[in-house]
1. Filter the range 243-261 down to residues that are among the polar types (S, T, N, Q) and in a helix (DSSP H, G or I), then give me how many there are.
2. Considering only residues that are closer than 18 Å to Pro103 by Cα and touching a residue at least 24 places away in the same chain (Cβ under 8 Å), which ones fall in the range 118-141?
3. Asp191 - would you say it is acidic (Asp, Glu) and not assigned by TED's automatic domain parsing to the domain that holds Gly244?
4. Identify all residues within the range 98-117 that are free of Cβ contacts under 8 Å to residues at least 40 places away in the same chain, under 21 Å from the mean Cα position of the chain (by Cα) and either surrounded by 14 or more Cβ atoms within 10 Å (Cβ to Cβ) or more than 19 Å from Ser88 (Cβ to Cβ) (or both); write none if there are none.
5. Could you list, ordered by first residue, the pairs with Cβ atoms under 8 Å in which the first is in the range 47-62 and within 20 Å of Ala83 (Cβ to Cβ) and of a type outside the set (A, V, I, L, M) and the second is exposed (fewer than 11 other Cβ atoms within 10 Å of the Cβ) and at pLDDT 75 or above, at least 6 apart or interchain?
6. Exactly one condition in (1) in a helix (DSSP H, G or I); (2) of a type in the set (A, V, I, L, M); (3) surrounded by fewer than 15 Cβ atoms within 10 Å (Cβ to Cβ) is not met by Leu202; state its number.
7. Go through the range 123-185 and tell me which helices (runs of 4 or more DSSP H), entirely inside it, have 3 or more residues that are surrounded by 22 or more Cβ atoms within 10 Å (Cβ to Cβ) and either in the same structural domain as His65 (by TED's automatic domain parsing) or at positive phi (or both).
8. Collect the residues in the range 241-269 that are in contact (Cβ under 8 Å) with a residue 12 or more places away in the chain, over 24 Å from His99 (Cβ atoms) and of a type outside the set (Phe, Trp, Tyr), keeping them in residue-number order.
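The values are calculated or read from the model by the stated rules, or taken from the named source; none is laboratory data. Here the structure is a predicted model, which means the values were calculated and not measured. Because the Cβ atoms are built from the backbone with ideal geometry, glycine has one as well, and the counts that use them run over all protein chains shown.
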Amino acid sequence: MVAARRPASRPGNWRRAAVVIVTMVLLTLVSWGSVARGIYNARRRIDVWRQELALSPYRRRAFPHFVFYYPRACRADIPWMAALAEKSYRIETRDLAVHPQVPIPVVIEPSLTALNRSVGLPAQQGNLGLYWGGVIRILSPQAWLGEGRLVPRLYRRDGPLPHELGHALLNFAAEQNYPAWFNEGVAQWEDWHVTGYRWITLTNRLTGHVYSMRKISHAFYHLPNQALAYHEGLALVRFLHTMGKGRWHAFLAQLGSGIPFNRDLQETYHFSSPQRLFRVWRQRLADTQRMSADQHPVHSSP
């Protein structure tokens, strides 16, 4: 007896099988990305819930995009502080192309000690505001500036709220998928848009020595001249903005989707590396400074 032969698979069947396998792999990758984002959002909500539980002794007042927690002594300050927060929100969400689906908690801390201890920092470390675990924490106007009718104006102009909101919104947009220099550069850029404030000192001008990209990428918060490191971060973010709002929004969207920062820099801005971005920025800065010197030459006395 001749054994029955097994039917040969037709090429069409293999092609269909391959299409099914590829489709399943792609769906798995997309599904995994959605699951990863869901886990991240769930963890953020849990962090916020834990923070809010710790804030039960504080008074609470809700606004369209924020929930303020504050001590009794700050009750009269909440309306103008909330107005500043809402104004900052309108400006910064447009620039960062992000619209959080939940109100952002803002805690007004009564003292520097309370502010620092809330996130485990040394009691007297000099902070006006912090963003940590999904919560903005800022020093109260009285603890920073004391009493007086000029306090609200000074706080609106120089206070920490727009800066810390920049951190919070960038976190919503890109989920911590960025280096420290970019994080601080964006927060300063948003603060500048809202208040016009920039941290410029005699020691952080960009006309002389600057830190390398390697240093601000790997040791940003440990560099001895923090004012210079912050100014470089702001200048680099400003440089990216000069290439158009469309690219800027595309860059943030890619970060939010999980594309690594360096790869996103290459795909969106065509810089092969952060070091290449740094070199081009430095060259443009040098050209600008040279042109300024040519237009305003310094003449020595005879």
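1. Initially, the range 243-261 is screened for residues among the polar types (S, T, N, Q), giving 254, 257.
If we keep only those that are in a helix (DSSP H, G or I) too, we end up with 254.
The qualifying residues number 1.
2. Leu130, Tyr131, Gly133, Gly134, Val135, Ile136, Arg137, Ile138
3. On the way: acidic (Asp, Glu): yes; not assigned by TED's automatic domain parsing to the domain that holds Gly244: no.
No; evaluated as a whole, the condition is false for this residue.
4. Within the range 98-117, Leu115, Asn116 qualify.
5. Close Cβ pairs (under 8 Å, with a partner that is exposed (fewer than 11 other Cβ atoms within 10 Å of the Cβ) and at pLDDT 75 or above) amount to Arg59/Arg72.
6. (1)
7. On the way: elements: 141-145, 151-158, 161-174.
Answer list for the range 123-185: 161-174.
8. Within the range 241-269, Pro260, Asn262, Leu265, Glu267 meet the criteria.
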